Structure formats: C-alpha cells, structure tokens
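Have a look at the structure below before the remarks.
The values are calculated or read from the model by the stated rules, or taken from the named source; none is laboratory data. Values in this document were obtained by computation on a predicted structure and should not be read as measured data. Heads up, the Cβs are rebuilt from the backbone with ideal geometry, glycines too, and the neighbour counts pull from every protein chain shown. These area figures cover heavy atoms from the full protein model, side chains too; ligands, DNA and RNA do not enter into them. Shrake-Rupley method; radii C 1.70, N 1.55, O 1.52, S 1.80 Å.
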Amino acid sequence: EGHARALRDLGASDPTPPPPIVGRPAPDFQVTDSNGASLRLSEMRGGWVLLWFWSSRCPTCDAQAPLLKHIASRFAGGAGLRIVGIAYDRDRGEMEACRRRHALEWPTTFSGRRAWEDPVGRVYRETATGPLYLIDPSGTLDGIYTNPREVEARLAEPLTPP
C-alpha cells in the first residue's frame, strides 16, 4: 500500500528508572553537553537545578529563554540555581544559533534525536518542549512548571516543601 516502517536501534537501554514524581528523588542521568563536558545530575546536589526541555523551533521556548536568563542571574552563586537545557533539536546548527541569539550560557545537551528518543527525555518521560523541572538541593523533584515566573516565585520562597 506504499507504507514502510523503518526500525532504528537506539542501543541498549538502562533499566527504566521510576517516573519523575514531585517530592521524590529526581531521576539521575549522565550525558555529554554540547561543549563535550560530562554532566551528571547527582553531581549537582547542594544547589537548585532546573531542567529545561526545549527546542529552537518552539515559540514557547523562545519566549521562556529571556525569563530563564533573568532567573539564572538572580539566583546564581553559592547554593544557587544551575540551569541545564535538554535540547530536542535535530539540527545542531539551529540549536547553537538559538543559544547565541539568546546568549544562553548554561550547559545544554544535544542528542540530535526526536524528543521521545532523547536520553534525558526518555528518563524523564518528557516529549513536550517547554517544561521546567525544578530539583531542590537534596536532589528531590520540587516541581514541574511551564511558566518561568512560577519557578522564580518558588525560588524566592524560603526552603519549604512544595
């Protein structure tokens, strides 16, 4: 009928961690960022971490970028905030052009795979662009947001459970 299916081997998978649940430990991952540096979530404990699942072609992400830059500068330093971008781009050039346009300086992963194939996306079971996963200094998933202003408000609160 003119239909064809192509299977692609994604390699061996690690045992599937439990899904991310607010109030429980955030699923750990280890990846290489777009600059070639190794990045492991569990090694970032002691400060807040914000995982941003994004794409250069996402209008919502384009609007989020300046707000995230503001939040990063407001809460940087000490046991402050670290942002890690999880890029769902298939074209590295487009991803890097977007990072330059917004002057994004935080580490960003690039797998070149679709959202459902991305290694971190698979661990977090996240296929959408725009979600923000806030992880507290102990490594617990504090909240899942879509609005950076909500993240900013949460970070401005005293350290209390969500």
Inset, instruction - Go through the stretch 121-146 and give me each residue that's within 17 Å of Pro66 (Cα to Cα) and among the β-branched types (Val, Ile, Thr). - result: Thr129, Thr146
Legend entry - Meets criteria (over 18 Å from Ala153 (Cα atoms) and modelled with pLDDT under 95) for Glu126: yes
Legend entry - Filter result (surrounded by fewer than 22 Cβ atoms within 10 Å (Cβ to Cβ) and either in contact with a helix residue (DSSP H, G or I) (Cβ under 6 Å, 6 or more places away or on another chain) or part of a strand (DSSP E or B) (or both)) within the stretch 66-77: Leu67, Ile71, Phe75
Inset, instruction - Could you list all residues from the stretch 34-61 that are closer than 21 Å to Glu152 by Cβ and either open to solvent by 60 Å² or more (accessible area, probe 1.4 Å) or part of a loop (DSSP other than H, G, I, E, B) (or both)? - result: Gly46, Gly47, Cys58, Pro59, Thr60
Legend entry - Meets criteria (under 16 Å from Asp136 (Cα atoms) and modelled with pLDDT under 85) for Gly77: yes
Inset, instruction - Scan (1) touching a helix residue (DSSP H, G or I) at 6+ places or on another chain (Cβ under 9 Å); (2) not in a strand (DSSP E or B); (3) not charged (D, E, K, R) for the single condition Gly23 breaks and write down its number. - result: (1)
Inset, instruction - Scan the helices (runs of 4 or more DSSP H) fully inside the stretch 78-162 and keep the ones with 1 or more residues being farther than 17 Å from Ser56 by Cα and open to solvent by 40 Å² or more (accessible area, probe 1.4 Å). - result: 119-124, 148-156
Legend entry - Cβ pairs under 7 Å, 6+ apart, first in the stretch 24-47 and closer than 16 Å to Asp136 by Cα, second among the polar types (S, T, N, Q) and open to solvent by less than 60 Å² (accessible area, probe 1.4 Å): Arg24/Thr140; Pro25/Thr140; Ala26/Thr140; Asp28/Ser42
Inset, instruction - Would you confirm whether any residue within the stretch 102-117 is among the β-branched types (Val, Ile, Thr) and within 17 Å of Thr32 (Cα to Cα)? - result: yes
